[in-house]
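To start, the structure under review is shown below, and the notes come after it.
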2 protein chains.
Amino acid sequence: MSDDKNKSLSATSPPSGDGGAVVLIKCPATVANLVCGFDILGMALQEPYDIMKLKLIDEPKVVIINNDNYNLPTEAEKNVAGVVLLEIIKHNNSSFGFEVEIEKRIKPGSGLGSSSASAAGAAVGANLLLNNKYSNEELVQFAMFGEKLASGVKHADNITPCILGGVTLIRSIHPLDIVKLNAPSLFVTVVHPQIEVKTSDARQILRKEVLLKDAIKQWGNIAGLVAGFEKNDTALIGRSLEDVIIEPVRSILIPGFDTIKSKSKEAGALGGGISGSGPSIFMLSENEATAKEVEAIMQQTFTQLGIEFKTYVTRIAKEGVSVLKY
Amino acid sequence: MSDDKNKSLSATSPPSGDGGAVVLIKCPATVANLVCGFDILGMALQEPYDIMKLKLIDEPKVVIINNDNYNLPTEAEKNVAGVVLLEIIKHNNSSFGFEVEIEKRIKPGSGLGSSSASAAGAAVGANLLLNNKYSNEELVQFAMFGEKLASGVKHADNITPCILGGVTLIRSIHPLDIVKLNAPSLFVTVVHPQIEVKTSDARQILRKEVLLKDAIKQWGNIAGLVAGFEKNDTALIGRSLEDVIIEPVRSILIPGFDTIKSKSKEAGALGGGISGSGPSIFMLSENEATAKEVEAIMQQTFTQLGIEFKTYVTRIAKEGVSVLKY
């Protein structure tokens, strides 16, 4: 984060002057990794999404109000949105703070970027109240403090699509280099089986070394996937949705995964895989009919396994966090 | 290779009927890997190139005439172009064969796809004489027999750009899946130091396992490079030309490499690295003035090291093997 003194000083009091500006925003769910793009690719979904309301207050503190039943912490230092807003207050050396109301609709632990939605929403919402003083890259940097709290690591693969929308690439995390890719108009079917897969567990079961020949296969697929997105070549996207490194290990933690993947592709889906570190599974389709057929496959599979679940038939969201009212 | 009996039978005698058709072609040098895209990316150069002349003859055999001083084998089974033409004769179960004259200008062992130029030229040239019965993908398959003879492995990362031109991606080798990427109008400076680096040695010094964290960095750069090509974003191309896996090991075999790379980037080059498995080094630049400055840096470095060398200031070739006369 660049430390621009002039910028910081100019914002020591609320820019609106009345302390009463309120912004209502929508923060989309996101799918990280996109099968072969572990830690580098992600995309935003039209559904589900969180709703957040942010307001400037006259004290340099963060007040959190949860409008849902998830019992998330309301102490700013323990709340994903809270730590992001505290960082912004610190960076501005400000005399003002934020009140934030969160209606979480993306279930925590779903693998659909629930914590990122809060972190990204906090950063974008605060920035709106501060007259857009920060760049998207700076907002990603702020939001990563929320990811650090949630998972122990400053990841950006959910945050970036949540802020920028569409499909995004983290070319490098140090230094941060984010690239917005072309997002094709595809349908996304998502199932969230109500089982717990902790991000930290999902990370620990990965081997620290991979075979060079597998790495070569993986980067062939990543290159194919990026080319497919940029060229709007859905067949190439489909052929490239293959992961020889992470999925074979992580999918063991998700019952029904192989059945859903193979049946969905038989039904005409382009492909798909684990959303983030799971347990949600996503599948991409070219049309709504196929996306709904995939949903039926997901419903049937988890019903047979006796596991509760929730499904979504949605699309890639071209926009990230967006304003409902300001 | 699909075994289409009808196609094969229809070509058991020369299509032209007169046995005298002759084609004169130009077969470009190629740069494989493109820094981070080990085994998957490649590009064609405007210079140097080989010249090949192919003629149909009335016997199912291959006659090779070398018009250069490299003393390459003239027995078809031991010659890169020869084995490709033998495969084509076999696939056609034909009564005719080929006479091929080769003027090699791409020095063998340079790391600039010298053997691929012969293999690709043989496949494309024969296909022209056979009224373009084969697809580009089939031509790549045939040409890989030449690479197998040259290096022991059926690689396609030089052959593909040599046939298709521009910048190409091998998403997968089994099954073969080739993708032509957008090729930006960039200048390429190449230096071929007259030292020997055998492809087999350059392959053996690589570790069979890589750290997952390095693989992630690598696929971030590959994704960035592909996005950069497709978007014509030269700054992104420059930032993505980084190899944390292969180059640190292989560059040890090439004296002067680090000096040339750092000085070229200081001079304004976008970046570059080892061409294929070396010893040639290539650098990409946005304009000719920078490309020539890079050439001077290369000349100076190898002169000081007392190593003979040859340089080229050229461009990415949009076309692959092309017809000079038919």
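Here are a few things to note about the model shown:
- Single residue of A:I195, A:I163 found to be in contact with a Leu (Cβ under 7 Å, 6 or more places away or on another chain), within 22 Å of A:G109 (Cα to Cα) and more than 12 Å from chain B (Cβ to nearest Cβ): A:I163
- Residue that is surrounded by the fewest Cβ atoms within 10 Å (Cβ to Cβ), among those in segment B:232-242 that are within 7 Å of another protein chain (Cβ to nearest Cβ) and without any contact (Cβ under 8 Å) to a residue 60 or more places away in the chain: B:R239
- The set of residues in segment B:171-181 that are more than 7 Å from chain A (Cβ to nearest Cβ) and under 24 Å from B:P48 (Cβ atoms) comprises B:I178, B:K180.
- Looking across segment B:279-326, the residues that are in a loop (DSSP other than H, G, I, E, B) and touching a residue at least 24 places away in the same chain (Cβ under 8 Å) come down to B:P279, B:S280, B:E286, B:N287, B:I307, B:E308, B:A317, B:K318, B:E319, B:G320, B:V321, B:Y326.
- Only a single criterion out of (1) assigned to a loop (DSSP other than H, G, I, E, B); (2) in contact with a Pro (Cβ under 6 Å, 6 or more places away or on another chain) is not satisfied by B:L34, namely (2).
- For segment B:66-75, the criterion of being in the same structural domain as B:P28 (by TED's automatic domain parsing), over 19 Å from B:P28 (Cβ atoms), charged (D, E, K, R) and modelled with pLDDT of 95 or more is met by at least one residue.
- Condition met for B:I245 (touching a Phe, Trp or Tyr at 6+ places or on another chain (Cβ under 8 Å), among the aliphatic types (A, V, I, L, M) and at the interface with chain A (Cβ under 10 Å from one of its Cβ atoms)): yes
- Count of residues meeting criterion [within 16 Å of B:G273 (Cα to Cα) and more than 7 Å from chain A (Cβ to nearest Cβ)] in segment B:221-231: 1
- Of residues in segment B:98-135 being among the hydroxyl-bearing types (S, T, Y) and in a helix (DSSP H, G or I), the one farthest from B:S280 (Cα to Cα): B:S118
- Enumerated helices (runs of 4 or more DSSP H) restricted to segment A:214-276, each holding at least 3 residues that are on the phi < 0 side of the Ramachandran plot and aliphatic (A, V, I, L, M): A:234-240
- Listed by first and then second residue, the pairs linking a residue in segment B:200-220 that is facing another protein chain (nearest Cβ under 8 Å) to a residue that is assigned to a helix (DSSP H, G or I) and surrounded by 15 or more Cβ atoms within 10 Å (Cβ to Cβ), with Cβ atoms under 6 Å apart and 6 or more places separating them unless they lie on different chains, are B:K208/A:L212; B:V210/A:L212; B:V210/A:A215; B:A215/A:A215; B:W219/A:W219; B:W219/A:I222.
- Flag for A:K26 being at pLDDT 95 or above, among the basic types (K, R) and more than 23 Å from A:V323 (Cβ to Cβ): no
- Among the numbered conditions (1) in contact with a Phe, Trp or Tyr (Cβ under 8 Å, 6 or more places away or on another chain); (2) farther than 30 Å from A:G42 by Cβ; (3) buried (at least 20 other Cβ atoms within 10 Å of the Cβ), the only one that B:S251 does not meet is (3).
- Filter pass, A:N158 being under 30 Å from A:L129 (Cα atoms), out of contact with any Leu (no Cβ under 6 Å at 6 or more places or on another chain) and either at the interface with chain B (Cβ under 10 Å from one of its Cβ atoms) or at pLDDT below 95 (or both): no
The values are calculated or read from the model by the stated rules, or taken from the named source; none is laboratory data. Small disclaimer: the values here were computed from a predicted structure and weren't measured. Don't worry about glycine lacking a Cβ; one is built from the backbone with ideal geometry, like all the others, and counts go over all protein chains shown.
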